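Read the structure below first, then the notes.
The values are calculated or read from the model by the stated rules, or taken from the named source; none is laboratory data. This one's a predicted model, so the numbers in the text were calculated from it and none came from an experiment. Cβ atoms come from the backbone with ideal geometry, glycine included; neighbour counts cover every protein chain shown.
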Ligand code: ADP
Ligand code: MG
């Protein structure tokens, strides 16, 4: 038991150090990004198109590092939740523009089927992030095959829960993999961080909910279950 405690303390310390290091990396990265942008402008003025292309790659790689660090920090040091009562449909209405721009870009057709507005107690920004992470995964899974994403809500009155379902027409998740997708750093993508779903799971469980995944060979449905306060209308 004592060994186990020592081990856990060490892990916690390593986690803290990693979070500190991640935080410290953000400032120099921001400064590097600024100078690469300046360099890009100069190269553009000299019509050095090939080199402008190099700086574009640098910028997108820098953005990947920033995304990775932000997700990592969210996972290791979750920020205070700002929980307020809000309508689920209003939150979804709010993320629609972001979802449409990303789906348009990847030729994915998104449809919505929302039930009456349920009042939920959540941190709006964090819940939006959950919806966007799940949507992004769906879109990425369907890249270049004209996918379909159906976003719906189901109210369970007796249980006082609402489910927000994200059903995609992608390739699905193999059964042996379903247990792993919530593990930090688990990814099947060349440029993935593997932090999207663990972050979602953490946020949703802190809101008293849970995420369920159903994938049977073809297509995947992620459902976010959240407790409801009241039902409107
Ligand atoms: P990342 O997107 O960076 O890979 P995530 O934690 O968001 O990390 O997702 C982990 C893995 O779960 C993905 O790499 C992918 O293999 C799988 N996955 C998630 N959503 C879907 C989906 N809708 N369809 C198929 N696979 C998915
Ligand atoms: Mg992801």
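Name the helices (runs of 4 or more DSSP H) wholly inside segment 105-215 in which the number of residues that are under 15 Å from the mean Cα position of the chain (by Cα) is 1 or more. Please lay out each step first, then the result.
Details: elements: 124-141, 175-178, 196-206.
Once the helices (runs of 4 or more DSSP H) in segment 105-215 are filtered for at least 1 residues that are under 15 Å from the mean Cα position of the chain (by Cα), what remains is 124-141, 196-206.
Looking at 158, 146, 167, which one is surrounded by fewer than 20 Cβ atoms within 10 Å (Cβ to Cβ), without any contact (Cβ under 8 Å) to a residue 12 or more places away in the chain and more than 25 Å from residue 74 (Cβ to Cβ)?
Values: 146 fails: without any contact (Cβ under 8 Å) to a residue 12 or more places away in the chain; 167 fails: without any contact (Cβ under 8 Å) to a residue 12 or more places away in the chain.
Criteria check complete, one pass: 158.
Residues are listed down the side, and each one gets a yes or a no for (1) at pLDDT below 95; (2) out of contact with any strand residue (DSSP E or B) (no Cβ under 6 Å at 6 or more places or on another chain):
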| site | (1), (2) |
| --- | --- |
| 43 | no, yes |
| 51 | no, yes |
| 63 | yes, yes |
| 70 | yes, yes |
| 74 | yes, yes |
| 79 | yes, yes |
| 91 | no, yes |
| 94 | yes, yes |
| 148 | no, no |
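Are any residues in segment 170-192 in contact with a helix residue (DSSP H, G or I) (Cβ under 9 Å, 6 or more places away or on another chain) and either crowded, with 20+ Cβ neighbours inside 10 Å or over 22 Å from residue 71 (Cα atoms) (or both), and if so, which ones?
Across segment 170-192, the qualifying residues are 170, 171, 172, 173, 181.
Anything in segment 82-95 that is over 17 Å from residue 116 (Cα atoms) and surrounded by fewer than 14 Cβ atoms within 10 Å (Cβ to Cβ)? List them, or say none.
82, 84
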